[in-house]
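A short worksheet on the structure shown next.
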Amino acid sequence: MSVAAVHDAATVVLTDGTRLRQVGISAPTADPCRVKQATATTDTEVRRAPLTYQLLGQSDLYGNQWAYLQVGSADLGEKLASLGWVWAYPDSPAPPSYNQRIATQVDVARASKVGLFGSACPESAMPPAPAQSVTAVRTIDDGTYVVGVDIEPGNYRTSGPAQDSPIKMCSWTRRKDTSGEAQSVIAMNISQGPTTVTIKPSDGAFESRGCNPWTKLN
């Protein structure tokens, strides 16, 4: 089975629609430029050689199947951690020894200032665009948004999964912050049709994946 798409730095989609989440790591979500670079790095790595995987029989909060991914003879998690383009995820269902090995490699990457820990992302270093009032934002595309800064609280509705979504599923997550960790999740849902979400003023962030644009209802 070959790779159809790379959803983020830690998740790949196979040609049969199976979504695999590499154990031991977490993809960056806060900085769009870093997200783009990290995802591109994973895309490059998974196409270097045939991909094989071993399922752990568990799924993450988004329905992705936890797995060990191997590209040729290289463990994908260890490779991405050594390059510095992912965070360590110690709560993954892999054995503690594996999670610790990933964490150590991320620490080495941080000390070496590579990947996420390197110099400013080129797009991040660009002068900011003219400020737009958050009240003028009426639609939300896929991504992670800071509530009260990027988007307003309120009720939002989407028509469902985006046409280019490999498995035709739309997932949303209300978070306490933009860390991307499981502990930051307030509520989440996955749907295959129209859905509505209420983003509260107390929410830290809102994340959308695989969805058509969300429209503010009030």
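The values are calculated or read from the model by the stated rules, or taken from the named source; none is laboratory data. Everything numeric in this text was worked out from a predicted model, so none of it was measured. For neighbour counting, all protein chains shown are included, and Cβ atoms are generated from backbone atoms with ideal geometry for every residue, glycine included. Just the protein is used for accessible areas: all its heavy atoms, side chains included, with ligands, DNA and RNA removed. Shrake-Rupley method; radii C 1.70, N 1.55, O 1.52, S 1.80 Å.
May I ask you to list the residues in the stretch 178-210 that are over 14 Å from the mean Cα position of the chain (by Cα) and either open to solvent by less than 50 Å² (accessible area, probe 1.4 Å) or at positive phi (or both)?
ALA187, SER191, GLY193, THR195, VAL197, ILE199, ASP203, GLY204
Please go through the stretch 152-194 and pick out each residue that is in contact with a helix residue (DSSP H, G or I) (Cβ under 8 Å, 6 or more places away or on another chain) and more than 28 Å from ILE25 (Cα to Cα).
Listed by number, the list holds a single entry, GLU152.
Restricting the stretch 145-167 to residues that are of a type in the set (S, T, N, Q) and open to solvent by 40 Å² or more (accessible area, probe 1.4 Å), which is nearest to THR178 (Cα to Cα)?
Selected residue: ASN155.
Scan the stretch 195-204 and tell me whether some residue there is closer than 27 Å to VAL23 by Cα, touching a helix residue (DSSP H, G or I) at 6+ places or on another chain (Cβ under 8 Å) and touching a residue at least 12 places away in the same chain (Cβ under 8 Å).
yes
Do any residues in the stretch 91-113 that are farther than 25 Å from GLY57 by Cα have Cβ atoms under 7 Å from those of residues that are open to solvent by 40 Å² or more (accessible area, probe 1.4 Å) and part of a helix (DSSP H, G or I), where the two are at least six apart or on different chains, and which pairs are they?
GLN105/GLU78; GLN105/SER82; ALA109/SER82; ALA109/LEU83
Could you please find all residues in the stretch 94-142 being modelled with pLDDT of 85 or more, surrounded by fewer than 14 Cβ atoms within 10 Å (Cβ to Cβ) and within 30 Å of GLY160 (Cβ to Cβ)?
Within the stretch 94-142, THR139, ASP141 meet the criteria.
Before we move on, is SER159 modelled with pLDDT of 80 or more, polar (S, T, N, Q) and in contact with a Phe, Trp or Tyr (Cβ under 7 Å, 6 or more places away or on another chain)? Give the steps one after another, and end with the answer.
Details: modelled with pLDDT of 80 or more: yes; polar (S, T, N, Q): yes; in contact with a Phe, Trp or Tyr (Cβ under 7 Å, 6 or more places away or on another chain): no.
Answer is no for this residue.
Would it be correct to say that GLN22 is of a type in the set (S, T, N, Q) and over 22 Å from ILE190 (Cβ atoms)? Write out each step before concluding.
Numbers: of a type in the set (S, T, N, Q): yes; over 22 Å from ILE190 (Cβ atoms): no.
Considered against the rule, which asks whether it is of a type in the set (S, T, N, Q) and over 22 Å from ILE190 (Cβ atoms), GLN22 comes out as no.
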